[in-house]
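No value in this document is a laboratory result; all are computed from the given coordinates. Here the structure is a predicted model, which means the values were calculated and not measured. FYI the Cβ positions are ideal-geometry reconstructions off the backbone, even for glycines, and counts take in every protein chain you see.
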Amino acid sequence: MTGWLDYFTTGLETQMIEVKERGEQVIRRDVLVQKHGLNERQGKAIEFLLVHGKLTIQDFESLCPEVNRRSLQRDLKGMLEKELVLSEGATNQLTYMLRG
């Protein structure tokens with residue numbers, strides 16, 4: 001029984017750590033959205049960045065398939081102007097990352 005209990009508590013610990021990290025990401029996203037007055041699409045971009053670290057326009061298009069590319073580019077430009085994200089790379093290969 002001790003081996004099973006050890007297995008169970010280790011699994012529970014792992015799950016609790018994942019829940020805590022996910023909760024912190026959601027709170028950070030909500031704070032950034034409210035503080036900077038971001039729209040729903042920009043909030044999705046922030047959430048993606050918190051999880052993956054980087055975002056391309058192709059990633060953003062897959063998050064918001066019903067929205068045209070030009071609108072998504074304006075959303076990203078707005079986040080750049082608010083100094084929430086940094087961009088690097090060539091025009092067609094821009095990658096966006098959260099600032100500090």
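Under a point spin-label approximation (7 Å from Cα along Cα-to-Cβ), what is the Thr2-Gln15 distance to one decimal in nm?
2.5
Which values of log₁₀ I(q)/I(0), to two decimal places, follow from the Debye formula for the stretch 2-98 at q = 0.16, 0.19 Å⁻¹ with a uniform point scatterer at every Cα?
-0.68, -0.87
For the chain, what does -39500 (n - 2.57) per DSSP helix run (n ≥ 4), summed and divided by total residues, give at 222 nm, in deg cm²/dmol to the nearest 500?
Only helices count here, giving -23000 deg cm²/dmol.
So which residue, out of Gln15, Gln42, Gln25, gets the largest mean-square fluctuation from a GNM of the chain using Cα contacts under 10 Å as springs?
Top of the fluctuation ranking is Gln15.
Counting other C-beta atoms within 10 Å, which of Asp6, Asp59, Asp30 has the fewest, and how do the rest follow? Please list the in-between numbers first.
On the way: Asp6 10, Asp59 16, Asp30 13.
Ranking Asp6, Asp59, Asp30 by Cβ neighbours within 10 Å, fewest first, gives Asp6, Asp30, Asp59.
Taking 8 Å as the Cα distance limit and 6 or more residues as the minimum spacing, I'd like the relative contact order of the chain as a percentage.
Here the relative contact order equals 22 percent.
Within a 10 angstrom radius of the beta carbon, how do Val85, Val26 rank from fewest other beta carbons to most?
On the way: Val85 21, Val26 12.
Sorted ascending by nearby Cβ count, the order is Val26, Val85.
Taking neighbour Cβ counts within 10 Å as the exposure measure, how do His36, His52 sort from fewest upward?
Ordered from fewest to most neighbouring Cβ atoms within 10 Å, His36, His52 come out as His52, His36.
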